[in-house]
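These notes are about the structure you will find just below.
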Amino acid sequence: MRTAAKDQLLMAASLLERTRVGLAFTGAGVSVESGIPHFRGNGGLWTKFDPYKVAHIETFRKNPAEYWTYSLNHRRSDAEPNPAHRALVELERRGLLRAVVTQNTDGLHQKAGSGRVIELHGSSHSVVCLDCEAKFPRDEIDRLNRQHCPPSCPACGGRFLKPTVVLFGEALPEAQLRSAQSLAMAAGVVLVVGSSLQVYPAAGIPRLAREHGADIIIVNAEPTPFDEMAAVVIHGKAGEVLPEIVSRIEADYGASATGNV
Ligand code: APR
Ligand code: ZN
């Protein structure tokens, strides 16, 4: 790893250890090494598809088939957590992270063992009927979708079955946004991982934390608009950088440190 990044790793490790009121804020980049593509920047999905066509509530209502066809070809339901997810679990076990606020809907933080995960953009693991509000496991509806696209509601026959994810043009779940905002205002350090920090109101969470005095650590493959305000910026792969931060903390504090202070 480059010398510059080594100093940044040490700085990130000491900020997390010293502050002990840490918050992780993650985006699609944290799941790329699990085989789930990100959206913006090099090779992102939105460089290949028009998000308005495949991820906006208005187009969904006009033509749910387009959404479900795209989903058939792009959903990675067998994805597994990668070393970045596991490193965040270790930081939480050590009492250095209060929670993970994520923009991702893949459920990989929970699958890795993170205890408190706030999903700002919902979850792709369940589906809701916009007509009768019945909810179903996503795998059940994916099975129906493979037989007949778009799937219709098993309860009422309605044609608007939608994964419980926040599409463009939809509001974020109020309770999750409020929890993320109060965690941000109380945080001493925010570890931003794998986000282009371009989509609001989610991208307002690290900004709010900064405005309340938190230090920002950014681990991202490419520059972000927040790099200037960050105490630490490491451009690299989350699955490589986060375990490096954890091993520096282990080197300083031993393998057994837990969250009890
Ligand atoms: N490690 C770290 N960063 C990575 C990696 C990696 N292995 N691979 C890609 N990245 C970076 C990309 O360079 C990009 O800057 O992760 C960032 C992901 O940014 P986006 O694709 O914009 O994802 P995100 O910030 O989560 O988008 C927010 O936009 O489309 C909506 O609802 C969608 O939740 C999403 C929201
Ligand atoms: Zn229904």
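The values are calculated or read from the model by the stated rules, or taken from the named source; none is laboratory data. Just so we're clear, the structure is a prediction, and the values are computed from it rather than from any experiment. Cβ atoms come from the backbone with ideal geometry, glycine included; neighbour counts cover every protein chain shown. With ligands, DNA and RNA removed, areas are computed over all heavy atoms of the protein, side chains included. Shrake-Rupley method; radii C 1.70, N 1.55, O 1.52, S 1.80 Å.
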In the stretch 96-149, which residues are within 16 Å of ligand 1 (Cβ to nearest atom), touching a helix residue (DSSP H, G or I) at 6+ places or on another chain (Cβ under 8 Å), part of a loop (DSSP other than H, G, I, E, B) and among the polar types (S, T, N, Q)? Gln103, Asn104
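A quick yes/no check of all residues on (1) assigned by TED's automatic domain parsing to the domain that holds Leu242; (2) within 18 Å of the chain's Cα centre (by Cα); (3) within 14 Å of Thr105 (Cα to Cα):
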| site | (1), (2), (3) |
| --- | --- |
| Lys6 | yes, no, no |
| Ala13 | yes, no, no |
| Lys53 | no, no, no |
| Pro64 | no, no, no |
| Ser71 | no, no, yes |
| Leu91 | yes, yes, no |
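In the stretch 160-169, which residues are open to solvent by 60 Å² or more (accessible area, probe 1.4 Å) and outside any loop (DSSP other than H, G, I, E, B)? Step through it out loud before you land on a result.
From the stretch 160-169, those open to solvent by 60 Å² or more (accessible area, probe 1.4 Å) are 168-169; that's our starting set.
Matches in the stretch 160-169: Phe168 only.
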What residue, of Leu172, Leu191, Leu183, is buried (at least 21 other Cβ atoms within 10 Å of the Cβ), within 23 Å of Leu208 (Cα to Cα), touching a residue at least 12 places away in the same chain (Cβ under 8 Å) and within 16 Å of ligand 1 (Cβ to nearest atom)? Leu191
What's the total number of residues in the stretch 201-242 that are within 16 Å of ligand 1 (Cβ to nearest atom) and in a loop (DSSP other than H, G, I, E, B)? 12
Single residue of the stretch 111-159 satisfying the filter (of a type in the set (S, T, N, Q) and more than 16 Å from ligand 2 (Cβ to nearest atom)) that is surrounded by the fewest Cβ atoms within 10 Å (Cβ to Cβ): Gln147
